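The values are calculated or read from the model by the stated rules, or taken from the named source; none is laboratory data. Treat the numbers as computed from the prediction; the structure is a model and nothing was measured. All Cβ positions, glycine included, derive from the backbone under ideal geometry; neighbour counts span all protein chains shown.
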Amino acid sequence: MADTPLLEAKGLTKRYGSTLALDAVDFQVTEGVTGLLGPNGAGKSTAIKLFLGLLTPTEGAAEVLGERPYDSVDVRSRLGYMPEHDCLPPAISASEFLGHMAQVSGLPPEHARIRAADVLRHVGLHEERYRPLSEYSTGMKQRVKLAQALVHDPVLVLLDEATAGLDPAGRDEMLELIRRTSREAGISILLSSHLMGDVERTCDRIIVLEGGHVVEQGAVSGFTQETSTLVIDVDDEEKLAAALSSRGIETNRDGTSLVVELANDELYDAVRDAIVETDVRLHRLAPRRGGLTDIFRGDEKHD
Amino acid sequence: MTEQTGEIFDLGYQRYEGPREGRMRARHALWLNGVRTAIGLGRGWQSKVLPGLLFLGVIAPAVLFSVGASAVDPGEELPTHADYYWIVNIVVLLFSATTAPEMLCPDRRDRVLDLYLVRPLTTTDYVIGRWFAFFSIMLALVYAGQIVLFIGLTLAADEPLEYLRDQWLDIPRLLAVGAAIAAFATSIPLAISTFTIRRTYAAAIVIALFLISVPVASVLSVCEETEDQFGTVQECEPVTGDAAKWFALLSFPDVPMHINDLVFDEEIDSPLAELVREQNAAVPVAWFALLTAVPGIVLWWQYRRMAL
């Protein structure tokens, strides 16, 4: 069941005049949290609009639960969408707005009211639900945007730059909320972002788009596994570097850290001995983990 | 004795297992939201002031007519339902000019439209939902006054039952004309509202269109005869000559009133209306249909071509 595709791009191509936004891409989004990562202009927003049925592919197909949303609008009632931009009417309360959005998604009025209250509690806005949206902070508005995407209890939610405009604390809270929504509610999430940190912290899988092509896809753990690079933080890196050099071990600098490429396990012993010999204070000695930034650096290859 | 206190449990996110009523519910919700928006429900008191005042402006003549009808001497002519439509027509159009942009402009300005179109709704559903929402409000507005007037005239009659028997045909007539006024007052302001996201601009354009068209039509088609110092009537020719009866149609507020005159078989004392009456009855009807249908098509087309 975990591998059932919720979204599937089959040779998906979208062209705007002479501009090719997506070039015959193939990928699947299954249950869990999937990151759609890429720089601006990579084709992320075009892909999302195709899956929401707002655009029609030039070639290929964008399928949602096996259906094509640009041919049949009914399947959209099982999708949620949180846009990057502002989309909230300022004059009405969050409660009224969510109740209305639930009804527009097909829920009867009495159920819509209850769902609005439940979802506002889930995103932490239960106390403020009767205040006009114009009085909300940026963080609160982001939560209302997420709430409206969840109010009809969709199978899958598409989040477009969900942390845009948030300060670091607000960003942490939003990412935790997204994670919790997937974990507690079992709602699958497609998180479109150009922020690798957001995707790395939140997602199980990742699809990387660049220039309208899929350049990488797979489990995030596959991109963040341990590498053969050893990172050493000590209080006197010059002294340690000299000691390692005298042992024939080449070192590089990465900020205030020394970096050693581990050709074999014996090098660990040599590094340990050099630290003991120089009597430097050791703060950290650990293999470096791969990061999503490496995808764009091209200096690491992952399976 | 310990005081009993309540305890709140966070049950976490609850899945929804209730009914899903699909696209029909979505359309109904959109219609209902439009009706509430037009009269300011769910919003601050400021949103209710203008619709409230204009509603009173429509009802007040009906009440005055009813009171006046009970005071007239037997044999004197009573105010009619056709008279009432002529009197409140401008208030109805003013209401539509100021309120119709509220139905469309904020959804595009605040980009709520994006959220509608990712739900089980098409742009056609959206346009139809908003059009019917405002049409419903306009119908309620024009019918409310006529209902008050009908009850008032019936009660003011010496023999109310006899009055009902004689005047029953007024009911389908006032319903038909009311629907025509409501459709006309819905289509044009909504179509104009698709060209701007600012409500005030849209309202100003609609009001200008309605108000300016009257003197324009008059200047082009009406020429008032005058008397010289010897009391001789000086005949004059309208600047548009024989085409004056066509230019008389340019007075937009009068367009649904020509339907009013035809349906009630009345001849209102108005120079523009007199010129229009020189035409075949099919002309003002076709003109009305054109000015109601074309803005409706423009409205639909504008939303069809809008990219998210």
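Quick look at the values:
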{"quantity": "Boolean, B:LEU54 is over 30 Å from A:VAL75 (Cβ atoms), surrounded by fewer than 23 Cβ atoms within 10 Å (Cβ to Cβ) and in contact with a Phe, Trp or Tyr (Cβ under 8 Å, 6 or more places away or on another chain)", "calculated": "yes"}
{"quantity": "Count of residues meeting criterion [under 28 Å from B:ARG165 (Cβ atoms) and touching a helix residue (DSSP H, G or I) at 6+ places or on another chain (Cβ under 6 Å)] in the range B:129-143", "calculated": "3"}
{"quantity": "Residues located in the range B:12-38, provided they are without any contact (Cβ under 8 Å) to a residue 40 or more places away in the chain and more than 7 Å from chain A (Cβ to nearest Cβ)", "calculated": "B:GLU17, B:MET24, B:HIS28, B:ARG36"}
{"quantity": "Failed item, numbered, when B:VAL88 is tested on (1) over 30 Å from B:VAL67 (Cα atoms); (2) without any contact (Cβ under 8 Å) to a residue 60 or more places away in the chain; (3) under 13 Å from the mean Cα position of the chain (by Cα)", "calculated": "(1)"}
{"quantity": "The listed residue being under 30 Å from B:ALA38 (Cα atoms), of a type in the set (Phe, Trp, Tyr) and at pLDDT below 95, out of B:PHE184, B:PHE210, B:PHE195", "calculated": "B:PHE210"}
{"quantity": "Qualifying positions in the range A:99-145 - within 11 Å of another protein chain (Cβ to nearest Cβ) and free of Cβ contacts under 8 Å to residues at least 12 places away in the same chain", "calculated": "A:GLN103, A:VAL104, A:PRO108, A:PRO109, A:GLU110, A:HIS111, A:ILE114, A:ASP118, A:ARG121, A:HIS126"}
{"quantity": "Filter result for the condition that a residue is under 30 Å from B:PRO172 (Cα atoms) and touching a helix residue (DSSP H, G or I) at 6+ places or on another chain (Cβ under 9 Å), over B:VAL255, B:VAL222", "calculated": "B:VAL255"}
{"quantity": "Residue list for the range A:21-38, restricted to those being part of a strand (DSSP E or B) and under 14 Å from A:GLU216 (Cβ atoms)", "calculated": "A:VAL25, A:ASP26, A:PHE27, A:THR34, A:GLY35, A:LEU36, A:LEU37"}
{"quantity": "Selected residue (criterion: farthest from the chain's Cα centre (by Cα)) from residues of the range A:223-271 that are over 16 Å from A:HIS283 (Cα atoms), modelled with pLDDT of 85 or more and among the acidic types (Asp, Glu)", "calculated": "A:ASP269"}
{"quantity": "Residue in the range A:20-28 that is within 14 Å of chain B (Cβ to nearest Cβ) and under 23 Å from A:ALA162 (Cβ atoms) present", "calculated": "yes"}
{"quantity": "Test: B:GLN4 is within 14 Å of chain A (Cβ to nearest Cβ) and at pLDDT below 90", "calculated": "no"}
{"quantity": "A:LYS49, sole failed condition from (1) out of contact with any Lys or Arg (no Cβ under 8 Å at 6 or more places or on another chain); (2) at pLDDT 95 or above; (3) assigned to a helix (DSSP H, G or I)", "calculated": "(2)"}
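Let's see how each residue does on (1) assigned by TED's automatic domain parsing to the domain that holds A:ASP23; (2) not aliphatic (A, V, I, L, M):
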| site | (1), (2) |
| --- | --- |
| A:ALA169 | yes, no |
| A:THR181 | yes, yes |
| A:GLU184 | yes, yes |
| A:LEU209 | yes, no |
| A:GLY212 | yes, yes |
| A:SER245 | no, yes |
| A:GLY248 | no, yes |
| A:SER257 | no, yes |
| A:ALA263 | no, no |
